[in-house]
Amino acid sequence: MSTISKIDDIDKSIINMLQNNPYITHSQIAKELDRSQPAIGARIKKLTENGILATQIGVDFSNPEVNSVLNLVKVELTTTHPEDVFNLSKVCPYIINALKISGEYNILMFMACSSLKRLDTILDRHFRNKDYVKKIRMDLVTSYAHSFILPVDFMAENFDNPDDPCNVTTCPHCETILAKQK
């Protein structure tokens, strides 16, 4: 039986409380649910160990200050080699995540960068020039209904020169994936 189907109402309440306030203490949850703090701690540990509860640290793109500096784009691809896109997404610091989807486009990626020009250059160098990429569409995400937390590699981001494109000949991330594709 699936682990997720085994969660009870207390587990659901704990997850809900943590989603609404990630900084809530075990003691506060225990008081709210009329349980002991060690019992709540044990449940949270079990939920985490079973891969049901997770924490992601990242940047809140719904924050207007972040949104004014970083661009979040949704990229859809039609490709006959989705594994190559996934391999690049594992090393490219600008690809936040890639998902296989159904429909006309079979890959959905989220990419973030201070420069739309740099993102477009990355798409040119790694996707548009591949014969196995049949279609590509990039859309800028402009607003958010809820907080949207995503990891961003600030070590790779060049805020000082946003017009500096990803340079395929010197980028260690690109070199890694290109060596595997040869």
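Work out the length of the dipole vector of the chain about its Cα centre, built from +1 on the beta-carbon of each Lys and Arg and -1 on the beta-carbon of each Asp and Glu, and round it to the nearest 20 debye.
540 debye
Hey, what number do you get for the chain at 222 nm if only DSSP H runs of n ≥ 4 count, each worth -39500 (n - 2.57), divided across all residues, to the nearest 500?
-10500 deg cm²/dmol
Among rounded, prolate and oblate, which fits the chain when a ≥ b ≥ c are the square roots of the eigenvalues of its C-alpha gyration tensor, a/c under 1.5 means rounded, and a/b larger than b/c means prolate?
Because a/c hits 1.5 or more and a/b exceeds b/c, the chain counts as prolate.
Give the cross-link partners of LYS74 among the lysines, using a straight C-alpha distance below 24 Å as the criterion and excluding same-chain residues fewer than 8 apart.
LYS90, LYS100, LYS117, LYS130, LYS134, LYS135
Counting other beta carbons within 10 Å of each residue's own, what order do TYR23, TYR144 fall into, fewest first?
Ascending number of Cβ neighbours within 10 Å: TYR23, TYR144.
Name the shape class, rounded, prolate or oblate, that the alpha-carbon gyration tensor gives for segment 7-49, where a ≥ b ≥ c are the square roots of its eigenvalues, rounded holds for a/c under 1.5, and otherwise prolate holds if a/b is larger than b/c and oblate otherwise.
rounded
With contacts defined as alpha carbon pairs under 8 Å and 6 or more residues apart, what's the relative contact order of the chain in percent?
24 percent
If the reach is capped at under 19 angstrom between alpha carbons, list the lysines near LYS12, excluding any in the same chain fewer than eight residues apart.
Candidates past the 8-residue exclusion: LYS31, LYS45, LYS46.
Read-outs: derived from the displayed coordinates by stated rules, not from any lab. The shown structure was predicted, so the numbers you read here are calculated from the model rather than taken from an experiment. Don't worry about glycine lacking a Cβ; one is built from the backbone with ideal geometry, like all the others, and counts go over all protein chains shown.
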